1. If we keep just the residues of segment 327-348 that are closer than 16 Å to GLY264 by Cα and modelled with pLDDT under 85, which is surrounded by the fewest Cβ atoms within 10 Å (Cβ to Cβ)?
2. Among all residue pairs at least 6 apart or on different chains, which show Cβ distances below 9 Å where the first residue, located in segment 368-390, is farther than 17 Å from GLY349 by Cβ and surrounded by fewer than 19 Cβ atoms within 10 Å (Cβ to Cβ) and the second is at pLDDT 90 or above and among the basic types (Lys, Arg)?
3. Taking the stated definitions as given, is ALA432 buried (at least 18 other Cβ atoms within 10 Å of the Cβ) and over 19 Å from the mean Cα position of the chain (by Cα)?
4. Checking THR330 against (1) farther than 26 Å from ALA70 by Cβ; (2) part of a strand (DSSP E or B); (3) among the hydroxyl-bearing types (Ser, Thr, Tyr), only one condition comes out false. Which one?
5. For ASP83, indicate whether it is modelled with pLDDT under 95, in contact with a His (Cβ under 6 Å, 6 or more places away or on another chain) and either of a type outside the set (Phe, Trp, Tyr) or over 20 Å from GLN186 (Cβ atoms) (or both).
6. Free of Cβ contacts under 8 Å to residues at least 24 places away in the same chain, out of contact with any His (no Cβ under 6 Å at 6 or more places or on another chain) and surrounded by 15 or more Cβ atoms within 10 Å (Cβ to Cβ): is that true of ASN127 in this structure?
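The values are calculated or read from the model by the stated rules, or taken from the named source; none is laboratory data. These numbers come from a predicted model, not from an experiment. All Cβ positions, even for glycine, are placed from backbone atoms using ideal geometry, and neighbour counts span all protein chains on display.
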Amino acid sequence: MATHTRGFFTRRCVALAIATTGGLLLAGCGGGDSDGGDGNGGDAPDNALTELWQSEPTPGANEDGVASTALWATESTVAEVTDGGVRSLDAAGGEVRWELTAPSGVGEVCAVSPTTNAEGIGAVMYNAAPGEDSCGILAVVDSDAEGAEPLWTQDLTPEDGLISFVGVTVADDVVSVSLGGKDMHQFTVAGEELPPPTVPGGTDCQDGARWAAGGNYLVAVAQCDIFEEVYQFTAFDAASRSELWTLPEMPLEYEGVAEVIPGGEHLTVLTTAGQLVTFDENGEVLSEIVEEVEGGEIDLMFGPQWASVQGQVMFAFELASDDRLGFDLTTGSELWREAFPAPTTLGGGDGRVLAVYGEEAGAEAEWYQHVAALDPQEGAQTLVGVLPRIEGASFTSPSTLSVLGSTLYVTYEVEGETGEVTMRTAAYELPA
């Protein structure tokens with residue numbers, strides 16, 4: 001895998017991948033063999049969900065195809081975040097409100113805050129120039145705003161231009177960006193720059209800290225004495241910027257912190273060595289999930305819209321069997337293992353976890369995308385219904401899901417009959 005990870009997503013799979021060989025994937029990459037049909041294949045099944053609206057397609061995929069990276073839903077708007085930028089849709093009817101004006105001269109979106117704050121403010125990072133792998137241009141966005149301009153932008157590209165493991169999050173009124181572990185940048189949502197949080201131990205610890213940001217947390221790993229192989233580990237609250245706890249010595253086998261995984265009740269980090277480690281409120285290790293599960297090598301993948309972490313449960317699937325698994329992050333134990341069709345996309349919100357997968361349905365046994373509710377603790381699936389087929393599509397790939405109240409939003413990659421790949425979002429009414 002390339003050293004530069006894309007802020008919890010990779011192209012065509014909204015996720016951060018820690019590539020080994022074989023095995024287990026946390027969360028799930030949607031799409032695959034699901035044929036969207038041409039809309040002429042007969043009536044939809046009786047359990048088809050009511051489509052509230054479908055957005056106009058985003059024109060012009062890049063050479064790798066349009067990739068959805070996040071879906072920010074509020075009561076009044078739905079914002080699609082893709083490699084190409086941010087597009088705001090009206091939540092009531094799906095009309096395009098605006099397409100964000102990107103900073104001048106930038107390349108593709110390379111990282112994104114998994115969610116917005118309560119006021120609908122999120123953040124995206126752009127590569128500094130087209131074709132460059134230099135994820136250093138920050139744009140802070142009010143997804144509910146009337147205009148297409150970002151609230152403000154900032155060039156955070158370091159002098160050496162080397163950036164890996166980009167983390168960006170908006171917690172309350174604080175925007176946090178970690179670049180390559182070396183730099184931590186914080187701002188108010190109004191654009192006022194803030195100093196990095198104070199690392200315990202003095203100047204040497206502050207100067208020797210390597211940072212990671214994600215969800216509600218910041219992490220600093222500091223080598224306070226360059227002549228000793230001892231690394232202090234400190235967790236901070238991203239919104240208040242206050243220290244939560246400090247471990248005087250991080251286990252050397254962790255090697256460092258690559259990412260902070262959002263969405264859980266506790267701080268969960270992905271170490272540089274590939275362990276998934278969860279801590280309690282005092283810094284005690286609750287669990288470690290490593291790159292071998294029952295003797296099998298695994299891939300770990302995490303994504304903001306894939307419900308990879310729900311409370312204290314982490315979802316996974318095993319490539320060899322296509323089984324879905326649930327792990328208790330407080331113990332590291334496997335809670336359940338259930339069969340799911342492949343591929344399956346996970347997502348949700350408002351306390352619901354949904355799975356979307358392709359399967360035959362209806363009197364004509366045609367291919368439809370099915371929606372099932374997933375019980376995080378037990379793994380039980382309850383069929384909610386099927387999604388109406390997108391007319392004129394020869395192939396559809398659900399990439400991102402979001403639930404707000406009784407509405408399910410799905411962002412698709414759609415291949416038309418001529419082979420053109422576009423992206424669009426549809427809204428569906430969920431049964432009570």
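1. GLY348
2. From residues that are farther than 17 Å from GLY349 by Cβ and surrounded by fewer than 19 Cβ atoms within 10 Å (Cβ to Cβ), there are no pairs.
3. no
4. Failing condition for THR330: (2).
5. no
6. yes
Residue-by-condition table, conditions (1) modelled with pLDDT under 95; (2) of a type in the set (Ser, Thr, Tyr):
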| residue | (1), (2) |
| --- | --- |
| GLY167 | yes, no |
| SER178 | yes, yes |
| VAL189 | no, no |
| GLU192 | no, no |
| PRO200 | no, no |
| VAL219 | no, no |
| THR234 | no, yes |
| LEU244 | no, no |
| PRO262 | yes, no |
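Yes/no per residue for (1) touching a residue at least 24 places away in the same chain (Cβ under 8 Å); (2) surrounded by fewer than 15 Cβ atoms within 10 Å (Cβ to Cβ); (3) of a type outside the set (S, T, N, Q); (4) over 24 Å from THR271 (Cα atoms):
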residue	(1), (2), (3), (4)
THR74	yes, no, no, yes
VAL78	yes, no, yes, yes
ARG87	yes, no, yes, yes
CYS110	yes, no, yes, no
LEU138	yes, no, yes, yes
VAL166	yes, no, yes, no
SER178	yes, no, no, no
